[in-house]
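Enquirer: This is the structure I have questions about; it appears just below.
The values are calculated or read from the model by the stated rules, or taken from the named source; none is laboratory data. Values in this document were obtained by computation on a predicted structure and should not be read as measured data. We place every Cβ from the backbone using ideal geometry, glycine too, and count neighbours over all the protein chains shown. The accessibility values were calculated without ligands, DNA or RNA, using every heavy atom of the protein model including side chains. Shrake-Rupley method; radii C 1.70, N 1.55, O 1.52, S 1.80 Å.
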Amino acid sequence: MKNTIVKYGLIAGLIVTAFMGIGAGVYMYNPEYDLGMVFGFAGMLVAYTFVFLGVKNYRDKQNGGFITFGKAFKVGMLMSLITATIYVGTWMVEHHFIFPDFMEKYSENSIIALEKQGLPTAEFQAEKEKILYYKELYKNPLWIILFTYMEIMIPIGLLVPVISAAILKRKPTETASE
């Protein structure tokens with residue numbers, strides 16, 4: 001089980017890293033044409049297909065073709081955690097070496113977008129304060145790590161293991177002699 005989890009978790013992590021690299025390259029050469037989020041989520045979707053395939057491989061080749069929902073979820077979550085950890089590590093490197101001013105630019109662009117919404121002054125100020133609060137939190141590497149884990153684990157990292165477990169669970173069939 002351990003080898004399957006590590007193998008498929010690493011494959012998924014490498015795929016996420018490749019997509020992050022492509023997204024960073026596109027952004028560096030044309031910051032106005034930000035496809036970073038598109039590449040990020042596309043990479044997550046492609047990568048997490050390997051979590052599904054890993055659970056299926058474990059069920060079919062190492063567990064006699066059978067797996068409970070709980071076991072499938074556990075195997076999928078462990079793969080997902082490996083993938084997410086690689087994602088977080090990649091972002092920490094990108095953030096430190098390539099985009100050290102990421103949150104400065106991101107919060108600035110968020111405030112500009114907020115201004116264009118034409119919100120009432122009190123609502124605008126409240127939303128702006130939230131943006132500035134998160135900008136301040138992002139100065140601490142621990143918060144960067146936590147936010148980045150949430151970015152990948154909340155939408156996809158939890159959902160794929162649940163879906164995989166629901167689709168791939170299979171009980172052994174009872175024999176006629178029993």
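Enquirer: So how do ARG170, ARG59 rank on accessible area, 1.4 Å probe, biggest first, that is with the largest at the start?
Expert: Correct descending sequence by accessible area is ARG170, ARG59.
Enquirer: Ordering GLU136, GLU151 by how much accessible area each has at a 1.4 Å probe, largest first, what is the list?
Expert: GLU136, GLU151
Enquirer: Can you name the helices of the chain, as whole DSSP H runs, whose Cα span along the helix axis is 15 Å or more and whose Kyte-Doolittle mean is not below 1.0?
Expert: Going by DSSP H runs, the hits are 2-29, 36-57, 141-152.
Enquirer: For an R0 of 30 angstrom, estimate the FRET efficiency from the Cβ-Cβ distance between ASN30 and TYR134 and round to the nearest 0.05. Working shown, then result.
Expert: Details: r = 26 Å, r/R0 = 0.85.
Efficiency computed from Cβ-Cβ geometry: 0.70.
Enquirer: Here's something else I'd like to know. Hey, which lysines would be in cross-link range of LYS130, C-alpha to C-alpha under 22 Å, not counting anything within fewer than 8 residues on its own chain?
Expert: Reachable lysines: LYS105, LYS116, LYS139.
Enquirer: Let me ask another. Can you compute the FRET efficiency between ILE111 and ALA166 using 1/(1 + (r/R0)^6), with r the Cβ-Cβ distance and R0 = 41 Å? Round to the nearest 0.05. Working shown, then result.
Expert: On the way: r = 41 Å, r/R0 = 1.01.
Computed FRET efficiency for ILE111 and ALA166 comes out at 0.50.
Enquirer: Pop out the carbon and sulfur fraction of the accessible area of the chain as a percent, whole number, probe 1.4 Å.
Expert: On the way: 7180 of 10810 Å².
That share works out to 66 percent.
Enquirer: Apply 1/(1 + (r/R0)^6) to the Cβ-Cβ distance of VAL38 and PHE66, taking R0 = 45 Å, and write down the FRET efficiency to the nearest 0.05.
Expert: Efficiency, rounded to the nearest 0.05: 0.70.
Enquirer: Assigning unit charges at the beta carbon (Lys, Arg +1; Asp, Glu -1) and nothing else, what dipole magnitude in debye, to the nearest 20, does region 45-135 show about its Cα centre? Provide the component values of the computation, followed by the final result.
Expert: On the way: 10 positive and 9 negative charges, 149 e Å.
Roughly 720 debye, rounded to the nearest 20.
Enquirer: I'd like to know which of LEU45, ILE163, MET28 lies farthest towards the positive end of the charge dipole of the chain, counting +1 on Cβ of Lys and Arg and -1 on Cβ of Asp and Glu.
Expert: The residue sitting most towards the positive pole is ILE163.
Enquirer: Work out, in µm²/s and without decimals, the Stokes-Einstein translational diffusion coefficient of the chain at 4 °C, 1.567 mPa s, Rh from Kirkwood over C-alpha pairs.
Expert: 71
Enquirer: Report the charge-dipole magnitude of the chain in Debye, nearest 20, computed about the Cα centre from +1 at each Lys and Arg Cβ and -1 at each Asp and Glu Cβ.
Expert: Around 1060 debye, computed over the chain.
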